[in-house]
Amino acid sequence: MMPMQHYLKPVVRGMQRATCDQSRMFKTSASVIRRVERYYESRHTCVEGSFRSNIISHQSCYPKNYNEMSSASRKFSNIQSPSQETMQFLTSLGYSEAISNGIINALLQNGIPPSSLLSMVKGLAGRYEVGEDGGLEALAASVKMELQKKEGKSTVKIWCLPSTGWDSADENDADSLPVVHSMERAFAVEALEGVTLTDVVNHGTGDNCDVLGEYLECACSGIMACSTCHVVIHPDWYDATEYDDKEQATRNNNSTDPSKIGPPSEAELDMIDLAYEPQLTSRLGCQIKITKELNGLVVLLPAGSNNLMDFVPFE
């Protein structure tokens with residue numbers, strides 16, 4: 001007669017392959033044990049304790065009732081996939097669901113394995129708690145522009161005139177405006193509607209975007225905490241009508257005329273007061289939203305900039 005182990009080992013292996021959610025396997029395994037025991041008892045042979053305990057120990061992985069099965073199912077359903085964890089992190093940083101999805105898809109398409117998604121995104125986020133980005137903002141901006149292209153956003157042309165083509169207002173006349181005397185050195189940049197002038201500097205890929213970046217530093221990454229993106233709006237494109245901050249929040253570029261740029265808000269004006277030679281039509285580039293009605297807008301570039309960030313003791 002074959003040794004007892006010969007008959008028991010297949011039973012043990014079969015039980016090990018069973019999954020924990022098959023509750024009926026518990027009854028089946030117990031039935032198999034009883035049958036094996038009866039078979040050997042009829043031949044005056046006892047089941048060896050070590051093998052019996054091995055079989056019994058596997059019974060513990062099977063749910064004893066429906067409630068236990070439901071609890072285990074809920075635990076597994078609460079486990080998030082790498083993409084879901086990454087999405088949750090990105091939305092916690094303030095990115096929209098569409099942009100978050102775009103970031104995740106861009107990383108996956110570039111060979112980042114799903115298991116490394118969250119760590120990669122956190123690395124790109126840098127020290128986001130203190131505003132030190134590691135590349136995530138650039139990626140998000142690129143994704144945003146791709147989404148806008150797919151949505152059929154219009155391309156807007158903006159003319160930028162260096163300081164050699166215009167003169168500042170008369171310091172002795174508080175109501176005087178800057179004067180443009182030549183457009184010969186003006187250069188054009190293109191941007192999709194919906195972005196800011198600072199976005200064009202930091203993330204634009206068209207002609208002359210890098211040239212514009214030589215004039216506008218954008219030291220605070222567009223959070224209105226400096227004046228390095230200070231520009232002067234051509235008087236013909238400026239709407240001087242003033243509104244209170246609550247009314248301005250409902251209007252594009254603080255103007256009732258969609259083809260004009262309105263005056264700055266109080267918070268923006270605080271930064272402009274620190275800018276290099278501010279004018280009556282001065283604005284911050286990070287607060288100018290490009291719309292299709294602004295196609296052909298003329299922006300005057302100051303001769304210098306005041307970067308207070310250079311004097312902040314970060315260390």
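The values are calculated or read from the model by the stated rules, or taken from the named source; none is laboratory data. This structure is a prediction, so every number in the text was calculated from the model and none was measured. FYI the Cβ positions are ideal-geometry reconstructions off the backbone, even for glycines, and counts take in every protein chain you see. Ligands, DNA and RNA are excluded from the accessible area calculation, which covers all protein heavy atoms including side chains. Shrake-Rupley method; radii C 1.70, N 1.55, O 1.52, S 1.80 Å.
A few notes on this one:
- The convex hull defined by the C-alpha atoms of the stretch 166-236 has an orientation-averaged projected area of 6.1 nm².
- Given R0 = 51 Å, the distance between the Cβ atoms of residue 256 and residue 109 translates into a calculated FRET efficiency of 0.70.
- In the stretch 107-176, Cα pairs under 8 Å separated by at least six residues give a relative contact order of 13 percent.
- Rounded if a/c under 1.5, otherwise prolate or oblate - the stretch 250-301, Cα gyration tensor axes: oblate
- Here the stretch 182-223 has 39 percent of its accessible surface on carbon and sulfur atoms, given a 1.4 Å probe and all protein chains in place.
- For the stretch 145-283, a crude dipole built from +1 on the beta carbon of Lys and Arg and -1 on the beta carbon of Asp and Glu, taken about the Cα centre, is about 680 debye to the nearest 20.
- The simple spin-label model puts a point 7 Å past each Cα toward its Cβ; for residue 174 and residue 276 those points are separated by 2.7 nm.
- The length gained on full extension between residue 184 and residue 80, counted as 0.36 nm times the residue separation minus their Cα-Cα distance, comes to 31.6 nm.
- Projected label points at residue 88 and residue 221, each 7 Å from Cα along the beta carbon direction, are separated by 2.4 nanometres.
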